[in-house]
Amino acid sequence: MNLLLRSWTTWTCNVFLLLNTITGSFGQYSSGAGYATDEVSTSQIESEPLETGPVLEFKYHDHEEMTRYLRAISARYPALTALYSIGKSVQGRDLWVMVVSASPYEHMIGKPDVKYVANIHGNEAVGRELLLHLIQYLVTAYKTDSYIKWLLDNTRIHLMPSMNPDGFLISREGQCDTVHGRHNARRYDLNRNFPDFFKANTKQPQPETEAVKEWISKIQFVISGSLHGGALVASYPFDNTPSARICRSSVLCSVFQSYAHTPSISPDDDVFRHLALVYSNNHAKMSRGVSCKSGSRSKFEKGITNGAAWYPLTGGMQDYNYLWHGCMEITLEISCCKYPPAHELNKYWQDNKESLIKFLAEAHRGAHGFVMDVNGNPIDRASIRVKGRDVTYHTTKYGEFWRILLPGTYKLEVAAEGYLPQEVEFFVIENHPTLLNVTLHSAKRIDGGPYYRPPPLLARPPPTPSGLFSTLTNSFNSFVSNIFG
Ligand SMILES: *[C@@H]1O[C@H](CO)[C@@H](O)[C@H](O)[C@H]1NC(C)=O
Ligand SMILES: [Zn+2]
């Protein structure tokens, strides 16, 4: 009784807050990145029964049904969710994102933001529905499940059920292997539409891709999953390989096709393999490496693969997340059939539920902390590098950084313009993230002389391969000269 009363009070309170938001100051309750949250009409709030959340059936939801569901959830759970749109598709459909967190409207300083993006290929429909069910599960389990409560109290989870609503519209249930609906309305493959580190991507940037690029430049996501269909495997960076650079003449290109199954190893290969395994091992059957084609042997040992080892591609989203924004994204192929019949959706949800949750919690592994000046003021865009891992991360405007790492000892190289660069040795243990606060000292000389400028670290995005990549390219070149004499 007491509890019920309390929740009623909270509810009233939140409605008040929400109404406030609607009638006036959007900015104050922004999702933390300058996006206006969705307007929820008061009539919708009143018509929603308070005892039960919006019903979510195991069926496919078209754009309007999905929009209605997301609005109903944000009205029913205003303290745990916020709905915002990062832009529109070619045909003008909103690219919805729902935040699920104990702090849905504001970034929690020092705590990670994470995301899932589904349905980037419009005809790969399972992920779209799974994210709707994930929302439902998280908001209802918050009160009863201490693990989910911990996760939402310490993480902001951004879920985008569809990055390609136009493609989804023309896709058809039951079509397992076609490409109909894969592309956006201008016939671009959105997972080939991002800037690429290894090869210039000349494809015209699409509105869906531009929206996502802006989104991930505004919010420092620590970890991410991109949900696909057509296979059963967790695939990790790199998707592209230095070899693509050499692929200029068609003769070379065709020769390269036969050598395409070479892994393209990132500086964080150990971490990415671990993350992919977290997904695969918590999945009902992915780790068994069962093949989608009956009778054929699967090539995915433990249900994971390096992206390029499977097949290299240019302009993919996961390499971009990692190299441009220090967000560790992997690609999750979660159904052999791209658009299976709706009655199978419950099974897919059961198969993936544990994986979807455990993977996001990996954002809490490794080291994180703040970079500050001697007065304790945060330093924005300080560069963060783990020695031996030639990829540069940057601090946020609050001076925060996150670096997912497996147990071990590491050296952190921190640098910012106008400050003396610093090296910090630290170790990471299992189960507890390492908190690292780094204070940088001004490089200003006491005698008023010019500032000391730290040597530039690998710029991001780097214009040409350097550092690690020159090594990669060199060994690749010797591999190439071995083939071609
Ligand atoms: C690290 O810095 C943050 C932000 O200034 C502060 O809240 C926290 O208490 C510090 N932790 C330690 C262990 O110094
Ligand atoms: Zn796909």
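The values are calculated or read from the model by the stated rules, or taken from the named source; none is laboratory data. Predicted model only: the values in this text are computed from it and were never measured. For neighbour counting, all protein chains shown are included, and Cβ atoms are generated from backbone atoms with ideal geometry for every residue, glycine included.
See the values below:
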quantity: Qualifying residue in the range 155-172 (condition: part of a loop (DSSP other than H, G, I, E, B) and over 24 Å from the mean Cα position of the chain (by Cα)); calculated: yes
quantity: Close pairs from the range 426-440: first within 16 Å of ligand 2 (Cβ to nearest atom), partner in a strand (DSSP E or B), Cβ under 7 Å, at least 6 apart; calculated: none
quantity: Residue among 217, 226 that is closer than 19 Å to residue 334 by Cβ and touching a residue at least 60 places away in the same chain (Cβ under 8 Å); calculated: 226
quantity: Candidate set: the range 374-393, residues that are more than 30 Å from residue 159 (Cβ to Cβ) and surrounded by fewer than 17 Cβ atoms within 10 Å (Cβ to Cβ); chosen: the one farthest from ligand 1 (Cβ to nearest atom); calculated: 388
quantity: Residues that are charged (D, E, K, R) and within 15 Å of residue 70 (Cβ to Cβ), drawn from the range 124-142; calculated: 128, 129
quantity: Failed item in (1) in a loop (DSSP other than H, G, I, E, B); (2) in contact (Cβ under 8 Å) with a residue 12 or more places away in the chain, with residue 293 passing the rest; calculated: (2)
quantity: Residue in the range 110-138 that is nearest to the chain's Cα centre (by Cα), counting only those that are within 16 Å of ligand 2 (Cβ to nearest atom) and of a type in the set (S, T, N, Q); calculated: 119
quantity: Among (1) buried (at least 23 other Cβ atoms within 10 Å of the Cβ); (2) closer than 18 Å to residue 355 by Cβ; (3) β-branched (Val, Ile, Thr), the one test that residue 148 misses; calculated: (1)
quantity: Among (1) under 23 Å from residue 66 (Cβ atoms); (2) in contact with a Cys (Cβ under 8 Å, 6 or more places away or on another chain) - the single one residue 222 does not satisfy; calculated: (1)
quantity: Odd one out for residue 369, checked against (1) surrounded by fewer than 20 Cβ atoms within 10 Å (Cβ to Cβ); (2) farther than 20 Å from residue 225 by Cα; (3) not polar (S, T, N, Q); calculated: (1)
quantity: All positions within the range 185-202 that are over 21 Å from residue 325 (Cα atoms) and surrounded by fewer than 18 Cβ atoms within 10 Å (Cβ to Cβ); calculated: 186, 187
quantity: Flag if residue 348 is within 16 Å of ligand 2 (Cβ to nearest atom) and among the aromatic types (Phe, Trp, Tyr); calculated: yes
quantity: Looking only at the range 227-242, and only at residues there that are part of a loop (DSSP other than H, G, I, E, B) and within 15 Å of ligand 2 (Cβ to nearest atom), the one that is surrounded by the most Cβ atoms within 10 Å (Cβ to Cβ); calculated: 239
quantity: Enumeration of residues in the range 81-138 that are charged (D, E, K, R), in a loop (DSSP other than H, G, I, E, B) and in contact with a Pro (Cβ under 9 Å, 6 or more places away or on another chain); calculated: 93
quantity: Unique residue being closer than 25 Å to residue 285 by Cβ and not assigned by TED's automatic domain parsing to the domain that holds residue 396 when the list is 316, 303; calculated: 303
quantity: Some residue of the range 379-389 being touching a residue at least 40 places away in the same chain (Cβ under 8 Å), under 25 Å from the mean Cα position of the chain (by Cα), outside any loop (DSSP other than H, G, I, E, B) and within 16 Å of ligand 2 (Cβ to nearest atom); calculated: no
quantity: Looking only at the range 124-163, and only at residues there that are aliphatic (A, V, I, L, M) and out of contact with any helix residue (DSSP H, G or I) (no Cβ under 7 Å at 6 or more places or on another chain), the one that is nearest to ligand 1 (Cβ to nearest atom); calculated: 160
quantity: From 145, 113, 166, 177, residue being acidic (Asp, Glu), within 26 Å of residue 396 (Cβ to Cβ) and in the same structural domain as residue 229 (by TED's automatic domain parsing); calculated: 113
quantity: Pairs with Cβ under 8 Å, 6+ apart, first in the range 333-348 and farther than 19 Å from residue 310 by Cβ, second among the acidic types (Asp, Glu) and buried (at least 21 other Cβ atoms within 10 Å of the Cβ); calculated: 339/124; 345/129; 348/129
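Here's the yes/no breakdown for (1) away from ligand 1 (no atom under 16 Å from the Cβ); (2) at positive phi; (3) crowded, with 24+ Cβ neighbours inside 10 Å:
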{"site": "74", "(1), (2), (3)": "yes, no, yes"}
{"site": "82", "(1), (2), (3)": "yes, no, yes"}
{"site": "93", "(1), (2), (3)": "yes, no, no"}
{"site": "99", "(1), (2), (3)": "yes, no, yes"}
{"site": "107", "(1), (2), (3)": "no, no, no"}
{"site": "113", "(1), (2), (3)": "yes, no, yes"}
{"site": "117", "(1), (2), (3)": "yes, no, yes"}
{"site": "122", "(1), (2), (3)": "yes, no, yes"}
